[in-house]
Amino acid sequence: MTNEMPPASNASGWELQSHLLLGVSRTFAFTIPQLPIALQYAVGNGYLLCRIADTIEDDPNLSLDDKLGFFNEFVSVLNGTGDAQVFADRLYPALSERILHEELELVRATPQVIELTQQLNSEQQRTLTRCVTIMSRGMYEFQSRKSLDGLNNVEELSRYCYVVAGVVGEMLTDLFCDYSPAMQQQRDEMMALSLCFGQGLQLTNILKDVWEDQQDGSCWLPRSVFSKDDAELKDLMNAKKSEELTEGISHLVGIARQNLDSALAYTKLIPKNEVGIRRFCLWAIGMAVTTLRKIQDNPGYHSGEQVKISRAQVHTIVKTLNVALHSDWLISAWFKFPAMGLPRSNEFVACDPGALGKIVGNDRLTAESGSAP
């Protein structure tokens with residue numbers, strides 16, 4: 001465990017990282033600076049690595065075989081057996097015009113991002129490499145079954161949310177525990193709750209972006225939740241409004257809400273003197289539960305814009321949670337207001353990370369046993 005900062009000799013590199021973060025995610029560019037500075041470097045770097053993998057996943061012009069090749073090449077770069085410059089030089093021109101300029105800039109800067117990764121301590125590097133390896137393998141597998149038909153059931157949705165978000169929760173927990181001896185003592189409990197934390201945030205995003213995903217030819221909703229009368233999920237989605245669709249969305253809101261309850265329990269395990277880490281977690285929970293509130297209150301929504309929280313709401317969330325963050329009672333009391341009346345469901349909370357083996361074979365073991373670059 002260590003709270004040492006990376007060497008300051010590459011100050012311009014860390015400035016570049018901040019610039020890239022602001023381009024690809026205003027939310028994380030807003031929340032990561034709340035962390036202790038020693039964690040800002042590692043968490044910011046980990047987020048950029050995940051976004052490079054996400055860019056490969058999202059590009060509509062890359063074939064499935066191309067995506068597999070780039071995923072494998074990226075993992076090799078992280079493991080120290082691949083060349084970051086060669087990877088960037090191959091991926092950048094292969095990306096489509098639909099990829100945002102900021103994401104293209106990130107891909108071009110892959111060598112600089114990897115240089116910063118290599119300045120982190122060995123445990124941080126191992127943690128980031130494990131996360132991106134699992135994420136890349138899982139993304140490829142789910143891309144191979146991507147369609148407008150949706151996923152089979154809630155269990156499959158849980159596994160999808162694990163490989164794109166739950167594993168990030170594990171990464172953050174490992175980084176937090178490496179930083180704080182007090183959190184290391186509660187690592188097992190925090191690690192279990194981190195899965196629900198990541199999956200609750202991801203399911204909220206899936207519900208918010210469901211219509212935009214449909215336009216891109218994908219659906220990550222589970223068919224089993226919408227199949228009371230054997231109607232096809234894609235038909236319900238095409239109709240955009242039906243009782244079955246509204247009930248199914250509400251059921252998934254309940255699953256997400258229950259996972260955010262666990263995210264709140266996770267945050268309470270963070271020592272109260274770790275104000276920045278608590279703030280980082282609480283802001284994410286606050287924005288997610290407020291988004292769920294808007295989804296539940298707008299059953300006929302047909303775009304993410306209709307359920308997106310406003311800047312004024314974000315300001316209110318930040319201001320009130322900053323006042324409450326020293327008191328577990330106060331943050332629980334705050335959470336009750338946006339969560340009031342939201343349904344509950346325990347289906348998703350008992351998430352099993354071991355189920356990843358059903359998706360990506362032995363890649364989890366490979367990632368855990370692999371050495372840091």
key: Selection within segment 11-66 - among the small types (Gly, Ala, Ser), within 15 Å of Glu102 (Cα to Cα) and not in a helix (DSSP H, G or I)   = Ser25
query = Given the conditions (1) at pLDDT 95 or above; (2) over 19 Å from Glu170 (Cα atoms), which single one is not true for Gly276?
reply = (2)
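Enumerate the helices (runs of 4 or more DSSP H) found wholly within segment 80-171, keeping only those where 2 or more residues are under 30 Å from Pro222 (Cα atoms) and in contact (Cβ under 8 Å) with a residue 12 or more places away in the chain. Walk me through how you get there before you give the answer.
On the way: elements: 84-94, 101-108, 110-117, 122-143, 154-161.
Counting at least 2 such residues, we get 122-143, 154-161.
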request  = Taking Leu151 as the residue in question, decide whether it is at negative phi, buried (at least 18 other Cβ atoms within 10 Å of the Cβ) and touching a strand residue (DSSP E or B) at 6+ places or on another chain (Cβ under 6 Å).
outcome  = yes
message = Checking Asp209 against (1) closer than 30 Å to Gln34 by Cβ; (2) more than 20 Å from the chain's Cα centre (by Cα), only one condition comes out false. Which one?
response = (2)
task = Filter segment 187-245 down to the residues that are in a helix (DSSP H, G or I) and touching a strand residue (DSSP E or B) at 6+ places or on another chain (Cβ under 9 Å), then identify the one that is surrounded by the fewest Cβ atoms within 10 Å (Cβ to Cβ).
result = Ser224
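Let's see how each residue does on (1) buried (at least 21 other Cβ atoms within 10 Å of the Cβ); (2) under 22 Å from the mean Cα position of the chain (by Cα); (3) of a type in the set (Lys, Arg); (4) not in a loop (DSSP other than H, G, I, E, B):
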site	(1), (2), (3), (4)
Leu260	yes, yes, no, yes
Thr267	yes, yes, no, yes
Ile277	yes, yes, no, yes
Arg293	yes, yes, yes, yes
Glu305	no, yes, no, yes
Ile309	no, yes, no, no
Ala312	no, no, no, yes
Thr316	no, no, no, yes
Leu330	no, no, no, yes
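The values are calculated or read from the model by the stated rules, or taken from the named source; none is laboratory data. Computed from a predicted structure; not experimentally measured. Please note: Cβ atoms are built from the backbone with ideal geometry, for glycine as well, and neighbour counts cover all protein chains shown.
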